[in-house]
Every structure is written in structure tokens, then in C-alpha cells.
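Notes follow once the structure below has been shown.
Values quoted throughout were computed directly from the atomic coordinates according to the rules given, and no laboratory measurement underlies them. Fair warning: this is a prediction, and the values are worked out from it, not measured in the lab. Reconstructed Cβ throughout: ideal geometry from the backbone, glycine too, with neighbour counts over all protein chains shown.
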């Protein structure tokens, strides 16, 4: 919370509301402390497990904060009370934004902790996938490189995946963000939005979209990103001869 308060101070703005996607600690842990530090703070969400919740919202409900309009999009699966937030300003040239929490990531989707493949399929195809294609996607975690490495495993001939992965690696090496993406981009390289594409179906051995999604998620859960660099601690240990007693000379 104190890092957030420092940013607020530097930007010279006032925090009046928090839109919480779900109750997991890495998304909502600071709510209670912020509510104590900022009396009158409004906390919006769809799950009673969200700390310091003051306003429970429902699917399709719209909120207004100054010129910013917000539509609440209920996307249960990662948690049973997960809510995404679609934001825009009327008559603005800026593209709308989607805060997708742990439902949609750059190149991936969230785990099905409290839901089913059927629910996630609805979330991705009927709720989020129908938003304007220029919508900027701000997700809850930045696991872009690993997601795209999995996408490349699914579609090894997809040139868009290859290019996006190279771009993401460069950004990662330079400590630069890979978020946001756009929905239009996601449909080109995110396998979880490409369930009817022949290479994705061939990888999963399924053709029915929900089953394709179910297999994809299972494969992604067990996917381990190939290591590209030796562990720096291990390199130092070799340099210092710490492994010498354990190594046999030929």
C-alpha cells in the first residue's frame, strides 16, 4: 500500500475507489490497510471474500468515475467471484481498456481454480472476446514470455507467435513491460483464443472448442519454460571451484 500511496502523491491525485478483480492475496491484500489509511475509500468487487469490500457489483453493471465509464464483466472460473472491468471515455480518441485480472493474460489465460473449462470458454469467447478489437488488455500478472513459449509449442509454425516471443524477450531483458496488448493481437497468438484453429486442435487432439480449451489448460499447467541461460549462482559456484570435490576427472 505504501508504494501505491507514494505514486498517488507523486501524481498529485486522490484515490477514491478500488476495483478488485478477485479475492486472492496478490490482488486484494492491501485493501484493508488502504481503507484504514484513506477513510471513505470505496472498494468494488463481486466476491464477499474481497477485503474491505464496500460495493458488491454484478455482471453488466456500469460505474462512472468522472469522465471514465466502467462496465463490470463477470468471469467466474479462476475464482467463483472473478470480475473484469472494461473502461472507456465517451467521445475520446483513446482505445478502451480491459482490466482482466487472472482471466486473460498476454498469450494465455488463468488457471481454473474454482471453475470449469465451460465457464472459461464462455468468458473468453462470449464476454471478453466480443469487446472492441482495439481494446487494450491490462492483465493481473506478466508471464508473457512463458505464455508465448507455450504458444510456440502449440503452434510452432505461427510466425506471429515467433515475432511476439522475440519482442517479449527483448522487453524482458531490458526490464520493460509487455503489457498492455490488444484483443486483436491476442487472437493472432494466444492459443486460448484460437480454439478453432487447425494447429491448436491438432496439438490437443480435440476439435470441440471446450475440450480443446480443457486440454490446453492441462498442458499449460504442466509446461516448464525451457531454460535459456545457466543459473548465475551455479556459474559463480563453478568459477569459484565449489563443485570441484563433487566432480570426477576423466
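Determine, at each q value in 0.11, 0.12, 0.16 (inverse angstroms), the log₁₀ of I(q)/I(0) that the Debye formula gives when each Cα of the stretch 1-139 is one equal point scatterer. Evaluating at q = 0.11, 0.12, 0.16 Å⁻¹ gives log10 I(q)/I(0) of -0.41, -0.49, -0.87. Each of the peptides 101-109, 163-171 was scored by the mean count of other Cβ atoms within 10 Å over its residues; in descending order, highest first, they stand as 101-109, 163-171.
The C-alpha radius of gyration of the chain, expressed as a fraction of 2.2 N^0.38 Å, stands at 1.17. Counting only DSSP H runs of at least 4 residues, each contributing -39500 (n - 2.57), and dividing by the residue count of the chain, the helix-based mean residue ellipticity at 222 nm comes to -10000 deg cm²/dmol. At q = 0.20 Å⁻¹, what is the log10 ratio I(q)/I(0) for the stretch 1-56, with the Debye formula run over Cα points and no solvent? Debye intensities relative to I(0), on a log10 scale: -0.68. The packing ranking of peptides 13-22, 129-138, 183-192, 64-73, highest mean first, is 183-192, 13-22, 129-138, 64-73, where packing means the average number of other beta carbon atoms within 10 angstrom of each residue. Calculated FRET efficiency, residue 197 to residue 69, Cβ-Cβ distance, R0 = 45 Å: about 0.85 to the nearest 0.05.
What is the angle, in °, between the Cα long axis of helix 159-173 and the longest principal axis of the Cα atoms in the chain? Nearest 10 is fine, range 0 to 90. The angle comes out at about 90 degrees.
Note on residue 160/residue 32: beta-carbon distance plugged into 1/(1 + (r/R0)^6) with R0 of 41 Å gives a FRET efficiency of 0.45. Protection proxy ranking of 150-159, 214-223, by the mean of other Cβ atoms within 10 Å over each peptide's residues and highest first, is 150-159, 214-223. Here is the tail figure for the stretch 31-80: Cα pairs spaced more than 14 Å apart come to 59 percent of all pairs.
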